[in-house]
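Data block below; observations after.
The values are calculated or read from the model by the stated rules, or taken from the named source; none is laboratory data. The structure presented is a predicted model; accordingly, all values stated were derived computationally and were not measured. Note that we place each Cβ from the backbone using ideal geometry, even for glycine, and neighbour counts take in every protein chain shown.
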């Protein structure tokens, strides 16, 4: 069945039928706007990410379910980086006419599965025809008490810099996909990243992170954002970068290049006041994750990169810029 | 100057510099998510609309300022239809690399001018490169007390049906644009619709509207949505349809076709309990707008269309369907 047979409003009804009711949504899909009930004494955290065919994804690389999950995950990752509990989201989607209903059903099942896993409810959005490729725009909303929200701007000299998980995998996975590989750990890290929601919320609620960001543009670019907003510099010990075995096996002569500049790992990069590192590591370990110390915030500005033998490392590329 | 010279983060900074601070935005553009402070005891109303080059707009038809205004207006119109006061919005935009910085500056100046006019603050979003055309996705947030929110589902048999302003103009304007016309009233109604925010909020706060929707898909389609959600039917007196002189001059043999099915007028279509019509008309007149009674809600289902000589009118097309 093609979308043209179902029609725009048939498609919306088909989506709405699959969405569970939520007590925080007095009015969901099906009116001019959705109505949400904010939790008293919380701030609403809100973020939006666009994913475009040919720019952010290639339909031949993965299945529609993974694309659905990833479309939500990248937004949940932004909320996690603020320490916000995710609550609601809107999906706007522009669909090429030739796209099958089976594709759309697969996409929605992945998206709604990830939504259920993270306790967020689809409340609205927009559907339209696309004359270009598939375009997906998701806006996600979360909540947190004002004093717990973690910004990019709170890093101070002396703070320890940590990373959850490993970095470089998603970029290495993209390189493999482009070379024709269609499975394995690195490819899964590119197509189906897992947002670190539990860790972001736990760090915020324990008051352990002075600044936090998710690694979407690459470690250098994203740490650079923290330094710029906080008015500080940073020193990174590259030998401490958390790299997966699979990444090391494919990284070639320069193991740091993709790990520093590749992006799309959706791990959390955060700063912890000196002396609270042990407490933080125990908290994150309790969530079944690792957090690795990769360096320290210093006075001044700019990033100092120290390689394994103590020398200065010069990166070939700093981070991803859409217009660069 | 081309966008590639400015870069993604240069563009974001350039936009952020033009946005005024707001007390309801503890954290605006420049972090992983924006933080908003909801007004106690209100619901958050949220809506999202996507505008795609070649589908929703043609860059050769109008100037970038109008496109910026319209991109926000269509979202504000959805909030108005709920009776919500608009507060904040996010802009996600995918830009073809060849687009000039002058275009982007014009688009942003129109968008932010409309934002200032309606008291809404840009708080975040996403920017990325597009390999297809220009794609714009805006999410707008408003607020209203729960008991004042106007849904599509509240119409009851006997309610009077009203329309603000005139209908058919935007569709007639699009027809003129396609024929090479580049100015005048009808074209302006297509390129630069004005959301009926003051009227929507006033109707909601006076408790005068039992159901409301904005005319984006066309009178028949949108009234159909109200009837379906409310479990009622409607009788429309076509001779009462509010048509502009300019529309009448170009509408040809069937003056009702575009007025009923054209869409994009962004007027409000709403129902008023019988006996409160006079009160409502005075309220809307006080805002410098007209509201015209076009029919009545009836028991049952479906739309009865009565033409000027009392006969039944059969529309050629019902409303706009993106996949139809």
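So how many residues does region B:16-27 have that are under 14 Å from residue B:90 (Cα atoms), under 25 Å from the mean Cα position of the chain (by Cα) and surrounded by fewer than 20 Cβ atoms within 10 Å (Cβ to Cβ)?
Counting residues in region B:16-27 that are under 14 Å from residue B:90 (Cα atoms), under 25 Å from the mean Cα position of the chain (by Cα) and surrounded by fewer than 20 Cβ atoms within 10 Å (Cβ to Cβ) gives 1.
Could you count how many residues in region B:124-141 are facing another protein chain (nearest Cβ under 7 Å) and either buried (at least 19 other Cβ atoms within 10 Å of the Cβ) or in a strand (DSSP E or B) (or both)?
So the answer is 12.
Determine, yes or no, whether residue A:36 is at the interface with another protein chain (Cβ under 7 Å from one of its Cβ atoms), touching a residue at least 24 places away in the same chain (Cβ under 8 Å), closer than 17 Å to residue B:139 by Cβ and out of contact with any helix residue (DSSP H, G or I) (no Cβ under 7 Å at 6 or more places or on another chain).
Yes.
Please state which of the following conditions residue B:72 fails to meet, knowing it meets all the rest: (1) within 12 Å of chain A (Cβ to nearest Cβ); (2) in contact (Cβ under 8 Å) with a residue 60 or more places away in the chain.
(1)
Of the numbered conditions (1) within 14 Å of another protein chain (Cβ to nearest Cβ); (2) farther than 19 Å from residue B:46 by Cβ, residue A:82 fails exactly one; give the number of that condition.
(2)
Could you check region A:100-123 and list, in sequence order, the residues that are within 14 Å of another protein chain (Cβ to nearest Cβ) and surrounded by 20 or more Cβ atoms within 10 Å (Cβ to Cβ)?
Those that are within 14 Å of another protein chain (Cβ to nearest Cβ) and surrounded by 20 or more Cβ atoms within 10 Å (Cβ to Cβ): A:104, A:120, A:121, A:122, A:123.
Among the residues of region A:41-68 satisfying the criterion of being away from chain B (no Cβ under 13 Å) and part of a loop (DSSP other than H, G, I, E, B), which is surrounded by the fewest Cβ atoms within 10 Å (Cβ to Cβ)?
Within region A:41-68, the first condition is being away from chain B (no Cβ under 13 Å), and the residues that meet it are A:59-68.
From the residues that got through so far, the ones that are part of a loop (DSSP other than H, G, I, E, B) too are A:59-63.
Details: A:59: 15, A:60: 7, A:61: 18, A:62: 21, A:63: 15.
Restricting to residues being away from chain B (no Cβ under 13 Å) and part of a loop (DSSP other than H, G, I, E, B), the top hit is A:60.
Here is a yes/no grid of residues against (1) within 24 Å of residue B:130 (Cα to Cα); (2) modelled with pLDDT under 95:
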| position | (1), (2) |
| --- | --- |
| B:22 | no, yes |
| B:27 | no, yes |
| B:45 | no, no |
| B:73 | yes, no |
| B:78 | no, no |
| B:82 | no, no |
| B:85 | no, no |
| B:88 | no, no |
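Could you list, in sequence order, all residues of region A:142-168 that are more than 14 Å from chain B (Cβ to nearest Cβ) and closer than 19 Å to residue A:82 by Cβ?
Correct list: A:156, A:159, A:161, A:162, A:163, A:164, A:165.
Which members of region B:17-27 meet the condition of being away from chain A (no Cβ under 11 Å) and touching a strand residue (DSSP E or B) at 6+ places or on another chain (Cβ under 9 Å)?
B:18, B:19, B:20, B:21, B:22
Kindly indicate which of B:266, B:247 is more than 19 Å from residue B:225 (Cβ to Cβ) and buried (at least 19 other Cβ atoms within 10 Å of the Cβ).
After ruling out the rest, the residue left standing is B:247.
For region B:149-262, which fully contained strands (runs of 3 or more DSSP E) count at least 2 residues that are touching a residue at least 40 places away in the same chain (Cβ under 8 Å) and out of contact with any helix residue (DSSP H, G or I) (no Cβ under 6 Å at 6 or more places or on another chain)? If you could, list the steps in order and put the result at the bottom.
Details: elements: B:160-164, B:211-214, B:233-237.
Here the list reads B:160-164, B:233-237.
Here are A:78, A:126: which of them is within 17 Å of residue A:266 (Cα to Cα), touching a residue at least 24 places away in the same chain (Cβ under 8 Å) and touching a strand residue (DSSP E or B) at 6+ places or on another chain (Cβ under 8 Å)? Don't jump to the end; show me each part of the working.
Values: A:126 fails: within 17 Å of residue A:266 (Cα to Cα).
After applying the criteria, what remains is A:78.
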